[in-house]
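Any read-out appearing in this document is the output of simple, stated calculations on the displayed coordinates, not a laboratory observation. Everything quoted here is computed from the prediction, not taken from an experiment. Don't worry about glycine lacking a Cβ; one is built from the backbone with ideal geometry, like all the others, and counts go over all protein chains shown.
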Ligand code: NAD
C-alpha cells in the first residue's frame, strides 16, 4: 500500500521504473518541492523486500527536504533507490535507462551519488538527462567542504558551551579518518586544537599519525575518551543507549550521517548536558556543493556557504534554549518555518 505511506510522510510523488532489458528496478520519491526541485542521491541496494526499499526511499527523501531547508537552499527533498545487488547490476545500459527515468520527471527530481553509486555512474546518467549533479564535470569531491562546514559548526557549539568559539587548546576526538574526518582533523590542528583520532582501519590511522601531531584512541574506547568535543565522522548510529552513558564530552558534532540511533537520543544527550549539533545541519556542506553545480557557482562560493553553517547553528541553538528543547527540534522547526513561509515554486502536481 503506497498511498498511506506517502500520506503519512506528506510525500508528493513516488514513481516506479522497470527496464527488463537491463534489470533496472528503481523507485524515485519526491517528498516536497515547495522550495524548489527535489535533490538527493541514488542508492543502490539489495533490499530484502520491495517494501523495505519503499520505506527507505520515503525516509531518505523526507530527510533531504529538511536538510535543504535547514541549509537555506532553494531546493526540495527527493531520493531514489535502485533495487538489486550492485555487483550483479552495475552496467552502463542500466544507468542509461535510469537516466531516462530521471529525465521523464522533467526536472522535479535531480539525482546524484549515494551508497553504491559513484561519479562514473552519474556520467552515464548525464548522457540521458540534464537533471543530475555529482558528475566528473562537476565541482569535485565535496568532502573538504563538508569538513569545513563541520568545523564552523563545532565553533558554534563550543561557543554556546564555553563562551568562546575558539578551538585552540580544546580536546577534540575525531572518529573516522576518511575523506571528511581527515580534512576536519587538519582544520582543527591548524587552529591549535588538540586532536585525538580513531579508525577501524589501522593503516589509515598510522599514516595520518605519522604526518600529524595527534593522539590515537582504539575504536572501541573512543566513547570513553575524555574530551571537549566528540566528532563522529565514520558511520551512523554511534550515539545510542549503550554509548550515551559512556560519553565524556561537552559537545557531539561531526560529519557522519544518522549519528543518533533514534531521534529520542537527542533528548538523552540534552539530559546529560551534552550539546548536540544535528547531523543534517552540520554536514550540509556536501549538499551545498552539489547544489552549487545545479544552481551555478564554484567551489569558493560553496566554501563560503559552508562557513555559514556556523551562524545557522547558532540561531538554532538560541532557539532551542529559548524553547527549552533540543537543537534537533529547533532545526526541524527552522526548516518547517522556511517551507511554510515560502511560496511554492511549482505546484505539487505540476502543470504542463
Ligand atoms: P569515508 O568512507 O571516506 O570514511 C569513513 C571512515 O570511517 C573510513 O576511514 C572507515 O575506516 C572509518 N570507519 C568505519 N567504521 C568505523 C568505526 N566503527 N570506528 C571508526 N572508524 C570507522 O567516508 P566520508 O566521505 O569521510 O564520510 C564520513 C561520514 O560523513 C559518513 O557518515 C557520510 O555519510 C557522512 N557525510 C559525508 C559527506 C561527504 O562530503 N563526504 C557529506 C555529508 C555526510
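Would you work out the relative contact order for the chain, in percent, from Cα pairs under 8 angstrom that are 6 or more residues apart?
It comes to 17 percent, rounded to a whole number.
Ranking 157, 227, 104 by Cβ neighbours within 10 Å, fewest first, what do you get?
104, 227, 157
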√(5λ) per eigenvalue of the Cα gyration tensor, the range 177-313, largest first, Å
25, 21, 13
The chain: angle of helix 179-190 to the longest principal axis, Cα-based, in degrees nearest 10
30 degrees
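What Kirkwood hydrodynamic radius do you get for the range 1-45 when you take the inverse of the mean 1/r over all pairs of distinct Cα atoms, in Å?
Result for the range 1-45 stands at 12.1 Å.
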What angle do you read, to the nearest 10 degrees and between 0 and 90, between the alpha-carbon axis of helix 143-162 and the longest principal axis of the chain?
40 degrees
To the nearest 10 degrees, how steep is helix 285-295 against the longest Cα principal axis of the chain, on a 0 to 90 scale?
40 degrees
For the chain, what proportion of DSSP beta bridges, expressed in % and rounded to the nearest 5, is antiparallel?
30 percent
Going by Cα centres, the range 250-269 and the range 1-53 are how many Å apart?
26 Å
Per-residue Cβ contact counts at 10 Å, fewest first, order 151, 208, 95 as 208, 95, 151
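Plugging the Kirkwood radius over Cα pairs into Stokes-Einstein for the range 14-114, at a temperature of 25 °C and a viscosity of 0.890 mPa s, what D comes out in µm²/s?
Details: Rh = 13.4 Å.
Reported coefficient: 183 µm²/s.
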In what sequence, highest mean first, do 29-39, 80-90 appear when ranked by Cβ atoms within 10 angstrom?
29-39, 80-90
Could you rank the peptides 252-261, 126-135 by their average count of other C-beta atoms within 10 Å per residue, with the highest value first?
252-261, 126-135
Which order do 292, 179 fall in if you start with the one that has the fewest other Cβ atoms within 10 Å?
179, 292
